[in-house]
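I have placed the structure first, in the form of structure tokens, so that the comments after it can refer back to it.
The values are calculated or read from the model by the stated rules, or taken from the named source; none is laboratory data. Just so we're clear, the structure is a prediction, and the values are computed from it rather than from any experiment. No Cβ is skipped: glycine too gets one built from the backbone with ideal geometry, and neighbour counts run over all protein chains shown.
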Amino acid sequence: MTGLILVGTFISMIVVAFASIIQKSLPDAIILFMGVGLGSVILFYLFQAPDVAMTEAVISAGISSLIFLMALKHLGEES
């Protein structure tokens with residue numbers, strides 16, 4: 001059962017990453033990027049590395065996505 005969850009999570013991460021690449025809207029691409037980070041959190045947790053999963057959740061899905069959204073807002077004000 002765990003193998004199915006691993007494979008499903010990995011495939012969904014690939015699909016979401018590809019969708020993020022082909023996305024025309026930058027905010028949508030950033031939100032999809034957050035989904036890839038959350039998928040990696042799930043994989044790290046399933047690989048029994050909860051400390052790495054928590055760090056990945058804070059950095060990838062949290063801080064870097066917030067920085068991207070703030071940069072997008074700042075760029076939108078200049079143009």
Query raised in the report: So, in the stretch 48-57, of the ones that are out of contact with any helix residue (DSSP H, G or I) (no Cβ under 6 Å at 6 or more places or on another chain) and surrounded by 12 or more Cβ atoms within 10 Å (Cβ to Cβ), which residue ends up farthest from P27 (Cα to Cα)?
Result: A49
Query raised in the report: Is the stretch 31-38 home to any residue that is surrounded by 13 or more Cβ atoms within 10 Å (Cβ to Cβ) and over 12 Å from the mean Cα position of the chain (by Cα)?
Result: no
Query raised in the report: Of all residues in the stretch 45-68 being of a type in the set (A, V, I, L, M, F, W, C) and within 13 Å of the chain's Cα centre (by Cα), which is nearest to G3 (Cα to Cα)?
Result: A53
Report task. Taking L72 as the residue in question, decide whether it is of a type outside the set (S, T, N, Q), at pLDDT 90 or above and surrounded by 13 or more Cβ atoms within 10 Å (Cβ to Cβ). Result -> no
Report task. Check the stretch 16-33 and report whether any residue there is polar (S, T, N, Q), at negative phi and in contact with a Phe, Trp or Tyr (Cβ under 7 Å, 6 or more places away or on another chain). Result -> yes
Query raised in the report: On the given criteria, is V16 within 13 Å of the chain's Cα centre (by Cα) and in contact (Cβ under 8 Å) with a residue 12 or more places away in the chain?
Result: yes
